[in-house]
Amino acid sequence: MAFLQRSIALPDVHSGYGFAIGNVAAFDMKNPEAVVSPGGVGFDINCGVRLIRTNLSVADVEPLKEQLAQSLFDHIPVGVGSQGIIPTTAKDLEAALEMGMDWSLREGYSWAEDKEHCEEYGRMLNADPSKVSARAKKRGLPQMGTLGAGNHYAEIQVVEEIYDEAAARKMGVDVTGQVCIMIHSGSRGLGHQVATDALVEMEAAMARDGIATNDRQLACARISSKEGQNYLQAMACAANYAWVNRSSMTFLARQAFAKQFHRTPDDLDMAVVYDVSHNIAKVSCS
C-alpha cells in the first residue's frame, strides 16, 4: 500500500490473509489518502487474551483437576455455534455494544477493578451500534459468554519461572507453582459479520475512489470516508462486545472455581492481571 506510513512485524509474525499475522500497520490520519482495512484488523475483531490470577497452588488444584476442568466446561460454552448462558436481550446487546465493560460492571458480571487492567479500560468510546448490521447483531445475541472454536481456549496455567520479580509482585503472580487462568477469545460471529459487511461496502468505495490493492483481503476505504467511519464505529462495537464476552467468561470461570473450592472468587483472589487485544484499530496521538 503506497499510503502506508509504517509497518512493523512482531516476534510471532507469519503468513495471513492480506496482512501478515503479527503485523502492525500505521497510517497518518492527516493524510487524506490514509485508509483503514478490515482485513488488516482481522475478522475476529478484538480477539485477545485475558489472564486471571488465583492464590491457589498446583498442590491445591491437583486433587481436583478433573472436576475443575469439567466445571469450566460446564460453565463456559465452547465450539462452533455454541450459545451462551448469560441472559442477553436485544436491548442488552445494544447497551453492551456501546458500553463495553461498563455494561458488564452494571450487570454484575465484572469487578470494578477489572477495567483498570484492560486495554482501553474495556470500552471504545466511538462505538455506534446503529452501524452494526441486523445480521451481525443476530449472530452475536446468543453467543455472549462463549469461547468459540479454532485456537480459542480457557486454560488453567501454572507459573513455572519468574524473570522479573518486581513486575511479578506488581501483577500478583509472584510465586512459582501459582495457578492462573488464561482466556483467549474475541467477538465471535458478530465481529466476523462486521468485517464481512465492511468488505462489501469497501469494495464499492475502492472502485469509486480509484483505490487498487493486490489482494481482495486488503479491501479498504479512506479513513475520512463514510465507509471508513462506518467501519471504525462498527468495529468499536465489536471490540466492546469482545471485552464483554471475556468479562462474561471471567464471571463464569470465577463461579466454576468457587464451586469446586467452596470459597468466593474474592477469597481466591481471582483478579484480572491483564486483557490485551490483538485484532484492533485505534487512533494514537504522537
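The values are calculated or read from the model by the stated rules, or taken from the named source; none is laboratory data. It should be emphasised that the depicted structure is a prediction, and the values quoted were computed from it without experimental measurement. In this analysis, Cβ positions are derived from the backbone assuming ideal geometry, glycine residues included, and neighbour counts consider all displayed protein chains. Each accessible area value is taken on the protein alone, full model and side chains, heavy atoms only, with ligands, DNA and RNA left out. Shrake-Rupley method; radii C 1.70, N 1.55, O 1.52, S 1.80 Å.
What shape does the stretch 114-171 take by its C-alpha gyration tensor, where a ≥ b ≥ c are the square roots of the eigenvalues and a/c under 1.5 counts as rounded, a/b above b/c as prolate, and the rest as oblate?
Working: a/c = 4.34, a/b = 1.79, b/c = 2.42.
Since a/c reaches 1.5 but b/c is at least a/b, the shape of the stretch 114-171 is classed as oblate.
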Open item on the list: Using alpha carbons only, how many angstrom separate the centre of the stretch 1-68 from the centre of the stretch 179-219?
Closed with: 14 Å
- [ ] Return one number: the angle in degrees, 0 to 90 and rounded to the nearest 10, between the long axis of the Cα atoms of helix 90-99 and the longest principal axis of the Cα atoms of the chain.
- [x] 80 degrees
- [ ] Treating the angle as unsigned and between 0 and 90°, give the value, to the nearest 10°, between the Cα long axis of helix 65-75 and the longest Cα principal axis of the chain.
- [x] 50 degrees
- [ ] Just add up the charged neighbours of SER71: K/R +1, D/E -1, any other residue whose Cβ is under 13 Å from the Cβ of SER71.
- [x] +1
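Using the beta-carbon distance between VAL276 and ALA207 and R0 = 51 Å, what value does 1/(1 + (r/R0)^6) give for FRET efficiency, to the nearest 0.05? Spell out each step's value before the answer.
Working: r = 37 Å, r/R0 = 0.72.
So, using R0 = 51 Å, E works out to roughly 0.90.
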Open item on the list: How big is the dipole moment of the stretch 101-186 about its Cα centre under a simple scheme where the beta carbon of each Lys and Arg is +1, that of each Asp and Glu is -1, and everything else is neutral? Debye, nearest 20, please.
Closed with: 840 debye
Open item on the list: What do you get for the angle between helix 226-261 and the principal long axis of the chain? Use alpha-carbon atoms, 0 to 90 degrees, nearest ten.
Closed with: 10 degrees
- [ ] Can you work out the PRE-style zone for VAL58? Point 7 Å along Cα to Cβ, and I want the residues of the stretch 135-168 with backbone N under 17 Å.
- [x] 156-163
Open item on the list: Checking the a/c ratio against 1.5 first, then a/b against b/c, what shape does the Cα gyration tensor give for the chain?
Closed with: prolate
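Rounded, prolate or oblate: which fits the stretch 88-133, taking a ≥ b ≥ c as square roots of the Cα gyration tensor eigenvalues, rounded meaning a/c under 1.5, else prolate when a/b beats b/c? Write out the running numbers ahead of the final one.
Values: a/c = 3.63, a/b = 1.41, b/c = 2.58.
Since a/c reaches 1.5 but b/c is at least a/b, the shape of the stretch 88-133 is classed as oblate.
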Task: Lys pairs, the chain - Cα-Cα below 20 angstrom, 8 or more residues apart or on other chains - done: 11
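Quick one: in the stretch 189-270, what % of C-alpha pairs are over 22 Å apart?
Values: 1581 of 3321 pairs.
For the stretch 189-270, the fraction of Cα-Cα distances above 22 Å is 48 percent.
Rank LEU10, LEU199 by accessible area, highest first, at a 1.4 Å probe radius? Walk me through the numbers on the way to the answer.
Numbers: LEU10 75, LEU199 15 Å².
Result, largest first: LEU10, LEU199.
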Task: Residue among HIS262, VAL283, TYR231 farthest towards the positive dipole end of the stretch 161-286, charges placed on Cβ - done: TYR231
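Just want to confirm a number: the relative contact order over the chain, from Cα pairs under 8 angstrom separated by 6+ residues, in percent. Before the final figure, lay out the partial values.
Numbers: 530 pairs, mean separation 99.2, N = 286.
About 35 percent, as a whole number.
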TODO: Can you send over the solvent-accessible area of TRP111, 1.4 Å probe, protein chains only, in Å² to the nearest 10?
DONE: 60 Å²
Open item on the list: Nothing charged except the Cβ atoms of Lys and Arg (+1) and of Asp and Glu (-1): what's the magnitude of the dipole of the chain about its Cα centre? Round to the nearest 20 debye.
Closed with: 880 debye
